[in-house]
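K.L.:
Handing you a structure now.
The values are calculated or read from the model by the stated rules, or taken from the named source; none is laboratory data. Only a predicted model underlies this, so the values are computations on that prediction, with no experimental measurement involved. Calculation scope for accessible area: heavy atoms of the full protein, side chains included, ligands and nucleic acids excluded. Shrake-Rupley method; radii C 1.70, N 1.55, O 1.52, S 1.80 Å.
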Amino acid sequence: MLVAPKITTKRTVLTLLQHYDYQLLIDYYERNHSHLSPWEPEREQCYFEQAQVRERVQCNNALFFAGGAVHFVARGSINHDGSVTADHNGPILGVCNFANTNQYKDLIAQREFSGPEARQRVKSIVILRSSSLTQHQNH
């Protein structure tokens, strides 16, 4: 049985978003729109509507369980001093997506890309991404 990942660092919890938490993703994109706009494609307003976001989250999770992609959200709390603490129930601080993961199934099966190594790579990406967003939110 495949279990949804939950990777905890000092500053964030990296996991899959559940369909009933879709509003957190809407809030994340609204809060960070100006910061993310240089890297995001232009999107029509319907992209951010509740029904569309909920459907995307459900599709993303289905892709994960089918082995095709992983759409992580990094959750944490921003403290009064600006530091970030891991918080599974906190707001979304960043997103991190790995697509076309089917092509890596053989490597994973051969243990060439081990669990600890994969976790360390993901932690590094999340730490860099959440640092960037935290710095932006504090300015």
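K.L.:
By its C-alpha gyration tensor, with a ≥ b ≥ c as the square roots of the eigenvalues, how is region 26-65 shaped: rounded for a/c under 1.5, else prolate for a/b larger than b/c, else oblate?
P.N.:
Prolate is the answer for region 26-65, as a/c is 1.5 or above and a/b outweighs b/c.
K.L.:
Additional query: Accessible area of C46, 1.4 Å probe, to the nearest 10 Å²?
P.N.:
The accessible area comes out at roughly 50 Å².
K.L.:
Once amide H atoms are built 1.01 Å from N in the peptide plane, which residues 5 or more positions from T12, or in another chain, come under 5 Å H to H?
P.N.:
A86
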